[in-house]
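Quick note: the coordinates plus some simple rules give every number you see, no bench work behind them. It should be emphasised that the depicted structure is a prediction, and the values quoted were computed from it without experimental measurement. Neighbour counts run over all protein chains shown; Cβ positions are idealised from the backbone, glycine included.
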Amino acid sequence: MTVPAAYKPPLLVLVGPTAVGKTQLSIEIAKTWNAEIISGDSMQVYRGMDIGTAKIAPEEREGIPHHLIDEYEPDYPFSVAEFQRRCRELIADISSRGRLPFIVGGTGLYVESVCYNYEFVDSGADEAFREEQRRYAERFGEQALHERLRAVDPESADRLHPRDIRRVIRALEVHHLTGIPLSKQLEGQKKQSPYELCMIGLTMDRAALYRRIDERVDRMLKEGLVDEVRKLLAAGVPRDAVSMQGLGYKEIALYLDGACTLDEAVYLLKRDTRRFAKRQLSWFRRMKDIHWVDMGENFHKNLEMIHAIIAGKFGVHLECTSYQSFFRRG
């Protein structure tokens with residue numbers, strides 16, 4: 001079959017803040033639309049980090065293939081550029097097999113970089129500058145380093161947590177080397193997609209979302225989050241590793257280091273997760289082309305609405321009994 005020059009492979013994307021309910025919906029959507037799921041979560045790529053990342057267990061996947069989960073050891077510096085490259089490869093492979101690529105996750109920059117084909121310019125490195133910033137953080141604290149970033153790139157400062165020292169330093173380094181804030185470089189992207197995009201965003205009443213976040217943290221603790229972090233540290237995963245900057249890991253590590261009580265660590269985790277959810281929503285609301293679904297409705301109503309959005313975008317009639325096989329055509 002000859003593929004027209006203008007052909008764009010279909011790509012389904014489901015985004016939203018943490019704890020909004022993406023995982024459960026994604027399984028039902030994938031089953032209906034013959035999809036394979038690509039995790040759009042920057043932390044789920046790491047092995048041994050299951051509880052704190054709310055990683056879907058193999059027995060819960062109902063036979064749906066999942067990609068970019070358990071790919072790397074926790075000391076590996078996984079980056080947005082690598083995520084983008086891997087996604088491009090996966091999307092091409094999944095599409096070639098007549099199935100629908102389906103990105104599900106809440107890491108805004110990662111997902112957006114794939115959807116709109118961001119070009120990451122190698123601005124180089126200045127190891128002496130990095131070391132200077134690390135020493136500054138050790139002497140004056142993470143917050144002081146974060147304020148340095150806020151002074152030159154407030155948008156990146158809003159996106160990055162003060163404890164995410166590696167990424168804070170990288171944003172400072174980009175500005176140091178290029179004179180242009182990282183956030184401005186991201187804004188300058190053309191944002192033209194190489195895919196036929198169907199993007200769905202999940203939202204929820206703020207108070208209800210925050211209750212779900214608190215309940216999720218409590219559940220993670222019961223499931224053994226403290227032991228999970230303890231094992232990672234005992235295995236030699238560095239405190240400044242990318243993986244250890246994830247929510248749940250940095251807070252519990254503080255407790256295990258004796259820097260705070262467990263109650264204090266849990267308070268920080270719930271607070272920081274709520275703040276993270278707010279930043280996620282802000283990020284996604286800036287993205288174009290997203291169809292928003294309020295998760296305050298009945299689950300089955302939401303699912304029907306999502307099926308209708310997908311069918312409308314990809315030109316499938318819901319009354320057609322073969323639409324579940326639509327992406328098998330070749």
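In terms of the ratio Rg/(2.2 N^0.38 Å) built on C-alpha atoms, what value belongs to the range 127-187? Scaled against compact globular proteins, the figure is 1.00.
Please report the relative contact order for the range 127-187, taking Cα pairs under 8 Å with a sequence separation of at least 6, and give it as a percent rounded to a whole number.
Numbers: 53 pairs, mean separation 18.5, N = 61.
After rounding, I find 30 percent.
Going 7 Å from the Cα of F129 in the Cα-to-Cβ direction, what parts of the range 147-173 have a backbone nitrogen less than 18 Å from that spot? Answer for this model: 147-157, 165-173. Taking only alpha carbon atoms, the range 207-321 gives an Rg to Rh ratio of 1.13, where Rh is the Kirkwood radius.
Sorted by packing (mean other beta-carbon atoms within 10 Å per residue), highest first, where do 144-153, 37-46 land? The partial results should precede the final answer.
On the way: 144-153: 17.9, 37-46: 24.5.
In descending order of packing, they fall as 37-46, 144-153.
Can you give the charge dipole size of the chain about its Cα centre, rounded to the nearest 20 debye, using +1 on the beta carbon of Lys and Arg and -1 on the beta carbon of Asp and Glu?
On the way: 48 positive and 49 negative charges, 142 e Å.
Dipole about the Cα centre, nearest 20: 680 debye.
For the range 204-292, the relative contact order comes to 28 percent (Cα pairs under 8 Å, sequence separation of at least 6).
Taking Cα atoms only, the orientation of helix 127-140 departs from the longest principal axis of the chain by about 70 degrees. Mind pulling the angle between the C-alpha long axis of helix 299-314 and the longest principal axis of the chain? Nearest 10 degrees, somewhere in 0 to 90. Its long axis makes an angle of about 70 degrees. Helix 165-178 and the long axis of the chain differ in direction by around 90°, with both axes built from C-alpha atoms.
Averaging sequence separations of C-alpha pairs under 8 Å and six or more residues apart, then dividing by the length of the chain, give the relative contact order as a whole percent.
On the way: 444 pairs, mean separation 91.2, N = 330.
It comes to 28 percent, rounded to a whole number.
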